[in-house]
Amino acid sequence: MRFLKRFLSRLFNSATRRANDERLREEIEEHIALQTAENLRAGLSGVEARRQAMLKFGGVEAMKEDYRAERGLLFIENLLWDLRNAGRSISRMPGLAAVIIVSLAIGIGVNTTIFSWIQMILFEPMPAVRGAANFLLIEPRTETGGYPGASWLEYRDLQTQVPALRDIVAFQTVAFNVGETGRTERTHGQLVSGNYFSALGLKPAIGRLIRPEEAERTGTEPVVVISYDYWQTRFRGAPEAVGQKLHVNERDLIVIGVAPRDFQGTMVPLKFELWVPATMTPALLGGTRDLEDRSTRAFSLIGMLEPGATREEAQAQFSTAMAQFARDYPEASAGIGGEILTFWKAPRGPQRLLISGLAILQGVMLLLLLAVCGNTANLMLARGSTRQREMAVRVALGAGRWRIVSLVLTENMLLALLGAGLGAAMAVWGTTALRVAPMIGAFPILFPTRVDELTLAFAILLGAACGLIFSAAPVVHLIRLGPQDGLRSNSNTPPRSRARKALMGVEVGLAMVVLIAAALFLQSFRSARQTDPRFRPEGVLLAAYDLSGRNPDEASEREFAARLLERLRTLPDVEAGAIATNVPLDLHGIPARSFTVQGRVRTEPGQDRAISNTVTPGYFKVMAIPLLEGNDFAEMGDRAAPAQAIVNEEFVRRYLNGADAIGRRIQTRGGSFAIIGVARNSAYDAFDEPAQPAVYLSYRDRPADQGEIHLRTRTGNETALTSEARAVLRDLDPMLPLYDVRTFSQHIERNLYLRRIPARMFAVLGPLLLGLAAIGIYAVVSYAVARRTREIGVRLAFGATSARVVLQIIRENLGVIGWGAATGWVLALVISVRAITKGAIDLPIFIGVPAILLSAATLACWIPARRASRIDPMAALRHE
Amino acid sequence: MKQKTDVLQGTLALMVLKTLDVLGPLHGYGIARRIEQISGDLLAVNQGTLYPVLLKLEQEGAIASEWGASENNRRARFYRLTREGRKQLQVETQDWEQTAAIIGRFFEAKAEDLS
């Protein structure tokens, strides 16, 4: 209590320092006046009386110091004083401060942006859901390591059989056709279990959310919850939206409420607009058996641990349940176990894609920040040395060593935190700029990243860490400083700072690693765009249709595709048209199929696999993939021809040892196919992939309810085909939307999006880092040279040519730089060979980057060296 | 160094409190004079050290101060004991007497007493 009282009054005193000083002065004066009067009474002379009084009082200044220490908070006062001093000292070096702050800001900003993404995945995998990171994924797992999802009946059983988990939630993602005849629009939604919203703890923005009892009986509750954005854009945020009908997959659903503002579903970063009770599945998806069939594993499950339960318990119960299913329903569940996983370990889906990339990116960027710190340390060290005299004067005047250190620390911390502040601002900008990704593949994506307290704390922590790191060297230097050193050294022997040179070496090494990483990354990105995919994407329009809402049978699917193609091919601008189930170079990849091929006996265990795409005749013409042998598929209407397959060169090479393929049979789970042709290899999953074996099956034999229309234009302007294609589809079926219309080039660009973000970062950061390294070297060398003016003057006076002097300075510094660069180079080489390119060495990069870096370093040495060599020897000798 | 000041301050503070308790409100010089008279040489060297102690006591609330007129009719700061200060004085007096008694007994103790 007493302590608190004192603290408060001290705080107050700190603020009212001036008034208090005045009071003390007055008290002292009065004291001395009274003592003088006393002394006069005792018979001393006037002057002597006052002198004795002063002597008796003691050292006024020392007492004042004590008094002040007693009165205010010395710590805070010193801090404020240091801050003021730091501010002044920073404003005296605007150029240097700007370089430091901006470079730190960029380093911290980039790291913070990446951190906000990682943070989203780790801590807030579902926006608007509190404690979302506590949800666990409940994933059935096949013996071969696949994650097929869970069936509805399995979900119902698991709810009771895994008591360690409460509120298990099931959902599946669907693309709905929403709207009136002829104006339907494809909208993504989730079919959810009744406890979906209650388990996630969500409150509606308006209206109400789906209740548990609404997903009990099949097909009875035609209700839908819409997303906040959907409400805003389609209903203009009107409260009357609740109770209105929404025409979804030709059924009327009643809007019962709006989900909370930021909620975008349970599969971030995918963004959903509609939520419908899972029991509506048969009604909306044309009588599928999703709800009755145990082998239809359409649902994903998540759940939270019951209080007190452990993950091990849940895992054990889950495994027991899955083993029981395997015994009871062998045809649907044999060989399927299960895993309970934390959210960020998602084994499938979009999250999987993000996590690994982000971790690498963060690592590289932290390395970059470290290099920036090294650079800053060097600049501060160089500057600190020029201030040696100032510091020595402070020490000589009685400043404690720690006061000096705190002075320097405050200055550096101020710089670091200014950098962190600017960096955080950049991160705010960065996350907003990167939030909205274009449609990737079939689904809309929104990264719900934002900069919150944790992100800011991360930025500040990074800033403080940087401050400490780059303060370390100057502080160590200062602690060793004696009071006379600084005063002497200037005119005497120049101290050769080993620390500075070592730092310069380290910095160059780090710069080398990061620059090579950046170059490799850019290279792979560029090669990804420049490599010939071995088909011709230019002039091709893509569009998708989806019949799944009708639950059509094979015959009608085939019929529909045939009629659609026929109509499309009659369009005057269409040179060729085809339908396929998959489009190459898709972010999600093309599925592979296992098979056995006639004439091959597999010796090792496992199955032969090949990329598999189902296409209509004409596909190879649209894609401009030549058929090397045999013919195209039989026409769609041909009922006589047997089931057909076309394989690619790699397939023939790998599985048939180059033997004649035509006429052989391929056996898959879906049937037996005769090989009728061999197509040239082309890119399937990525531009720069090694050749993959592929099997094309015919749409005629294996029709599907979804199709990607491929149209090659005659005129070269493929976008012009869009409206005509729409019209054709509307004619054929007014309720069916044509969605995801894009040119093939757009399709490729979109799918490179995730790769493009880091590529852009590197493209900006690479040159920046190079510049920073050069500035760092320049600072160190020019400082060292300035300290040696006299020596250089002597040399010149004795007849050394200026070229010689320049050469010598460059040689001295390049030695250290060379060591750093070589170490970094080896490190980068090891990382590259072992982790990135797996053996191959990209020679142009491993020669080019060091060449550029060393040229920049030489230039940075040369400029100050040349300046030094031009001085007049006489002036140099008179220096100091 | 610091410890020595603390000890000095501690005893000085007690003396200040006692002086104010006995004599009533006084200005700094008065307190210094009184302590000097009673304690002999203790404060003879540095009267100034009194002021930080006065400030500390005031911040703790043991004494209060206000402006008044001194003997030679000039503005002076007068310090007086507060109720809290009186309580503190009592407690510390007891403590001090107790400590003094114990230390005293120790000094009187002979080798055979301790064995």
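For A:THR743, list long-range residues whose amide hydrogen, built 1.01 Å from N in the peptide plane, is under 5 Å from its own amide hydrogen.
Those lying under 5 Å, H to H, from A:THR743 are A:LEU542.
Going down the list A:LYS56/B:LYS56; B:LYS56/B:LYS110; A:LYS64/B:LYS18; A:LYS56/B:LYS18; A:LYS271/A:LYS345; B:LYS87/B:LYS110, which pairs span over 29 Å between their C-alpha atoms?
Correct reply: B:LYS56/B:LYS110; B:LYS87/B:LYS110.
So if I place +1 on the C-beta of Lys and Arg and -1 on the C-beta of Asp and Glu, and nothing else carries charge, what would the dipole magnitude of the stretch A:196-322 be about its Cα centre? I want it in debye, nearest 20.
320
For the stretch A:778-880, what does the relative contact order come out to in percent, with C-alpha contacts under 8 Å and a separation of six or more?
Reported as a whole number, the value is 59 percent.
Work out, in µm²/s and without decimals, the Stokes-Einstein translational diffusion coefficient of the stretch A:144-334 at 20 °C, 1.002 mPa s, Rh from Kirkwood over C-alpha pairs.
Once the numbers are plugged in, D ends up at 123 µm²/s.
Would you work out which of A:ALA259, A:THR233, A:MET280 lies farthest towards the positive end of the dipole of the stretch A:215-298, given +1 charges on the beta-carbon of Lys and Arg and -1 on that of Asp and Glu, about the Cα centre?
Towards the positive end, the residue furthest out is A:THR233.
Which residue, chosen from A:VAL601, A:ILE863, A:SER45, occupies the Cα position most advanced towards the positive end of the dipole of chain A, where the dipole is computed from +1 (Lys, Arg) and -1 (Asp, Glu) charges on Cβ about the Cα centre?
Towards the positive end, the residue furthest out is A:SER45.
Taking H placed 1.01 Å from N in the peptide plane, check which residues at least 5 places from A:ILE206 or on another chain put their amide H under 5 Å from its amide H.
Answer set, sorted by chain and number: A:VAL258.
Excluding residues on the same chain fewer than 8 positions from A:LYS501, give the aspartates and glutamates whose Cα lies under 13 Å from its Cα.
Filter leaves A:GLU812.
Could you give the dipole magnitude of chain A about its Cα centre, charging the beta-carbon of Lys and Arg +1 and that of Asp and Glu -1, in debye to the nearest 20?
4420
Using a 10 Å cut-off on Cβ to Cβ distances, tally the other chain neighbours for every residue of A:20-32 and report the average as a whole number.
Per residue, the average neighbour count from other chains is 4.
Per residue of A:35-46, what is the mean number of Cβ atoms on other protein chains within 10 angstrom of that residue's Cβ?
Taking the mean over all residues of the peptide, I get 1.
Specify which residue in the list A:ASN85, A:LEU515, A:GLN644 is farthest towards the positive end of the charge dipole of chain A, using unit charges on the beta carbon of Lys, Arg (+1) and Asp, Glu (-1), about the Cα centre.
Looking along the dipole axis, the top candidate is A:ASN85.
Please give the peptides A:141-147, A:625-631 ranked by average Cβ packing (other Cβ atoms within 10 Å per residue), highest first, as a rough proxy for protection.
Per-residue mean Cβ counts within 10 Å order the peptides as A:625-631, A:141-147.
Specify the inter-centroid distance of the stretch A:361-401 and the stretch A:203-253, based on alpha-carbon positions, in whole Å.
Value for the Cα centre distance between the two parts: 61 Å.
Ignore the peptide's own chain and count Cβ atoms of other chains within 10 Å of each Cβ in A:52-64; give me the average, rounded.
Taking the mean over all residues of the peptide, I get 4.
Explain nothing, just the number: relative contact order of chain A, from Cα pairs under 8 Å at least 6 residues apart, as a whole percent.
14
Compute the signed sum of charges (Lys and Arg +1, Asp and Glu -1) over the other residues within less than 13 Å, Cβ to Cβ, of A:ALA640.
-1
Divide by every residue of the protein assembly as shown the summed helix terms, -39500 (n - 2.57) for each DSSP H run of at least 4, and state the resulting mean residue ellipticity at 222 nm, rounded to the nearest 500 deg cm²/dmol.
About -18000 deg cm²/dmol.
Relative to the longest principal axis of chain A, what angle (0 to 90°, nearest 10) does the C-alpha long axis of helix A:802-831 take?
Approximately 40 degrees, to the nearest ten.
How many Å³ per residue does the convex hull of the Cα positions in the protein assembly as shown occupy?
313
Values quoted throughout were computed directly from the atomic coordinates according to the rules given, and no laboratory measurement underlies them. Note that this is a predicted model, so its numbers are computed, not measured. Cβ: placed from backbone, ideal geometry, glycine included. Neighbour counts: every protein chain shown.
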